[in-house]
Amino acid sequence: AMIAIVVATLTNTQIFKQKSPHLAILDIGGNRSRLSVFEMTLQRIGITSLMNSNVQTTPRMISKKQLLKIISSKSRWLIVEENNHPPILLNGRELEKGYADTEVLDKLDEEKEVDILSIPGEQLRVTTLHFQATALEAWQHMEEENADAVYVTGTFDVYAPALSGIITRHDIDNYYHS
C-alpha cells in the first residue's frame, strides 16, 4: 500500500506537475506554512539565547560622577530614558571610547550635568518585547515599530518589569548567517 502511495505521489508531481495530494489539501484548508527559510530559522530560537544582558539604564542628563560610574561598569548597551520621549539605545563601548581621554573628563564641571546623547556614536531606536518571544517575533516587531533593537523584558514582578537584555538586528543577522 505504501509503495502505491509513493508511486502515485511521484507520478502526480513529476509527470503531471501537480502538487502532492496532502499539500493540496493543506493549501485548501489554509494550514500550509508559507514561511521563508529565514523566518523558519528565526522561529526556532528564543530571543533570550541571542540577547546581550550587559545592559544598564540611565537618564539623559547625568552628573560627572554618574558618567564615571557608567564608564567603569563597562556595559555593552545603555538605555537612555527621558520623560515623554521614547528610549534610545547607546553603544556603551562608544561611550567609553568617547571619554577614554582623561583630558576630556577633566574638562567636565563637577556640578554641571552632561547630556549623554551629545556623545558621538550610534544611537538606536528601541522597542520592548517579552522574554518568551522568538527571534522571528523580535524581527517582525522591529519591522513594525521601525526600531533597530528590542529590549527584552521579563514580568517577574507585575508592577515593575525587569530589564533582561538587548537584541539588535545585527544580532539576528549574525545568528542567521552563522
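The values are calculated or read from the model by the stated rules, or taken from the named source; none is laboratory data. These numbers come from a predicted model, not from an experiment. Cβ coordinates were reconstructed from backbone atoms using ideal geometry, including for glycine residues, and neighbour counts include every protein chain displayed. Calculation scope for accessible area: heavy atoms of the full protein, side chains included, ligands and nucleic acids excluded. Shrake-Rupley method; radii C 1.70, N 1.55, O 1.52, S 1.80 Å.
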_Please list 3J(HN,Hα) in residue order for the stretch 77-84, calculated via the Karplus relation 6.51 cos²θ - 1.76 cosθ + 1.60 where θ = phi - 60°; whole Hz, with x for glycine and proline._
10, 10, 9, 9, 10, 9, 4, 6
*What residues have an amide H closer than 5 Å to that of Q18, excluding those fewer than 5 places away on the same chain, when H is modeled at 1.01 Å from N in the peptide plane?*
T13
*At a Cα cut-off below 20 Å, give the aspartates and glutamates reachable from K17, other chains included and same-chain residues fewer than 8 away excluded.*
D27
*Over the chain, with every protein chain in place, what whole percent of the accessible area is carbon and sulfur at 1.4 Å, could you tell me?*
54 percent
_Cut-off under 21 Å on the C-alpha distance; same-chain residues fewer than 8 positions from K64 excluded. Which lysines are left, in chain and number order?_
K74, K97, K107, K112
_With DNA, RNA and ligands ignored, accessible area of D148 (1.4 Å probe; Å², nearest 10)_ = 40 Å²
*S178 paired with N83, simple spin-label distance in nm, labels 7 Å along Cα-to-beta-carbon*: 4.2 nm
_Difference of contour (0.36 nm per residue) and Cα-Cα distance, R93 to Q123_ = 9.6 nm
*Could you calculate the contour length gain from I5 to V37, that is, 0.36 nm times the residue separation minus the distance between their Cα atoms, to one decimal place in nm?*
8.7 nm
*Gain on full stretching of the segment that runs from E110 to D27 - 0.36 nm per residue minus C-alpha separation*: 23.1 nm
*Percent antiparallel among DSSP beta bridges with both residues in the chain, to the nearest 5?*
65 percent
